[in-house]
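Shown next, in structure tokens, is the structure this report addresses.
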Amino acid sequence: MKPNLDRIPGQQDRLAEEILARAPRRIEQTFVRSLDPAAALALGRYGTRLATLALRQKSVGLLRRSVLATGLARCLASDDDRDIMVALAVPWIVAQQLGTSPAEAFATVSATLPEGPTARLVQAFGARTDITLKAFGWELVTTADGPDFRPVPWSRSPQVPDMR
């Protein structure tokens, strides 16, 4: 399987950037309801791509934007909690590799999301201490452009641990 930046199209990155630029410092449900639900895909892809860019550029700011885009995408499209945990595992590892506390980075983002299950999930996931790429079906790879992440084929991937 290809690494994230090769397999995830970035055509909608601009849309995601525009949404995040318009987002208030403290996002409320009214802002979320003002967005087209189709924007969830753009935000989710953008969040995934940004995690790799945050690692390459050693940027905690990009890391936080990655978590924010992923969280906002989840607010628009309530998927299974395991799906967002798989997505958040990469920025959690990136935070660790950048030398910043995943708990602090995720709590900062959680405080900007609308109150509710997504904000609580982001904060709780950031506070975990058992996150590994392997446990969430990812691997770190080296590409010609720098480090990137790649999903492990399901046949080699363990089941995602739940929050219990």
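Among the residues of segment 69-80, what is the count of those that are surrounded by fewer than 24 Cβ atoms within 10 Å (Cβ to Cβ) and assigned to a helix (DSSP H, G or I)?
Of the residues in segment 69-80, 2 are surrounded by fewer than 24 Cβ atoms within 10 Å (Cβ to Cβ) and assigned to a helix (DSSP H, G or I).
Looking at segment 111-118, is at least one residue charged (D, E, K, R) and part of a loop (DSSP other than H, G, I, E, B)?
Scanning segment 111-118, I find at least one residue that is charged (D, E, K, R) and part of a loop (DSSP other than H, G, I, E, B), so the answer is yes.
Considering only segment 1-65, give the helices (runs of 4 or more DSSP H) lying wholly within it that have at least 3 residues that are buried (at least 16 other Cβ atoms within 10 Å of the Cβ).
13-22, 39-57
Quick one: would you say GLN97 is in contact with a Leu (Cβ under 7 Å, 6 or more places away or on another chain), open to solvent by 60 Å² or more (accessible area, probe 1.4 Å) and modelled with pLDDT of 95 or more?
Working: in contact with a Leu (Cβ under 7 Å, 6 or more places away or on another chain): yes; open to solvent by 60 Å² or more (accessible area, probe 1.4 Å): yes; modelled with pLDDT of 95 or more: yes.
Yes.
If I filter segment 126-136 for residues that are open to solvent by less than 30 Å² (accessible area, probe 1.4 Å) and touching a Gly at 6+ places or on another chain (Cβ under 8 Å), do I get at least one hit?
no
Which number in (1) closer than 19 Å to VAL122 by Cβ; (2) of a type outside the set (Phe, Trp, Tyr); (3) under 14 Å from the mean Cα position of the chain (by Cα) marks the one condition that ALA39 misses?
Exception for ALA39: condition (3).
Residues of segment 27-69 being of a type outside the set (A, V, I, L, M, F, W, C), under 20 Å from LEU140 (Cα atoms) and free of Cβ contacts under 8 Å to residues at least 40 places away in the same chain, which ones?
Hits for segment 27-69 are ARG45, TYR46, GLN57, SER59, SER66.
The values are calculated or read from the model by the stated rules, or taken from the named source; none is laboratory data. Because the structure is a prediction, the values reported are computed rather than measured. Ideal geometry is used to build each Cβ from the backbone, glycine not excepted, and the neighbour counts take in all protein chains shown. Ligands, DNA and RNA are stripped out before the accessible areas are found, and what is left, the full protein with its side chains, is counted by its heavy atoms. Shrake-Rupley method; radii C 1.70, N 1.55, O 1.52, S 1.80 Å.
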